[in-house]
1. Please list 3J(HN,Hα) in residue order for the stretch 80-92, calculated via the Karplus relation 6.51 cos²θ - 1.76 cosθ + 1.60 where θ = phi - 60°; whole Hz, with x for glycine and proline.
2. Counting other C-beta atoms within 10 Å, and keeping those with at most 15, which DSSP coil chymotrypsin sites (Phe, Trp or Tyr not before Pro) do you find in the stretch 70-117?
3. Here are some pairs, K112/K145; K39/K102; K39/K82; K29/K75; K39/K76; which of them have Cα atoms lying more than 22 Å apart in this structure?
4. Between T53 and D35, what length comes free when the chain is fully extended (0.36 nm per residue of separation minus the Cα-Cα distance, one decimal in nm)?
5. Return one number: the angle in degrees, 0 to 90 and rounded to the nearest 10, between the long axis of the Cα atoms of helix 38-48 and the longest principal axis of the Cα atoms of the chain.
6. Which part of the stretch 90-134 falls in the paramagnetic zone of N147, meaning amide N under 15 Å from the point 7 Å along Cα-to-beta-carbon?
7. Hey, what D do you get for the chain in µm²/s if you plug the Kirkwood alpha-carbon radius into Stokes-Einstein at 10 °C and 1.306 mPa s?
Amino acid sequence: MKEPITKDVLDELNNAKTTKEGLSIIENKVEAYPDMTFKNFFDNYLAAHQNITLAEIINRSNVSRNYAYEVIGGKKKGGRDKIIALCFAAGMNYDETNHALKYSGNNELYAKNNRDAIIIFAFNMMNNNNPDCKTIMQLNELLSKRNCAELDI
């Protein structure tokens, strides 16, 4: 059974006319899915993207190997910049990255924040195979050129 899309669930809750109808939506579309964790999310991502290994992602992310394994294994809460680096190295898109940030207990990327806007732009460039932004180093250079703090990895 596929997890329902958040907007669809919200629309149904907003349109529920009775308590019974609202509680039925909650039971069938909210409670039926346990709270997602970063570990579960990342495991699902890896299973769906078998063209890249966890070792490759960690290597590309420039995040300490031990730290990355602890975060991905659910033993440690990852810092926001490290989660962003792991997502970038995994080739995630903007939406996937925001889900990862949310599930890891971090703030999502916000387009009206200068630094976040640059990171979003870099993810879009990377996902469009732009050779100017394929590595964490290139992402950090882009941040630095705009006088923003580089990813703290």
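1. In residue order, the calculated couplings are 4, 5, 5, 5, 4, 4, 5, 5, 4, 5, 7, x, 5 Hz.
2. Here the chymotrypsin sites (Phe, Trp or Tyr not before Pro) that fit, given the DSSP loop and packing criteria, are Y110.
3. K29/K75
4. The span from T53 to D35 would gain 3.9 nm if fully extended.
5. 80 degrees
6. Within reach of a label on N147: 114-115.
7. The estimated diffusion coefficient comes to 94 µm²/s.
None of the figures in this text is laboratory data; all of them are computed from the coordinates on show. Quantities reported herein were computed from a predicted structural model and do not represent experimental measurements. Using ideal geometry, Cβ is built from the backbone for each residue, glycine included, and neighbour counts are taken over all protein chains shown.
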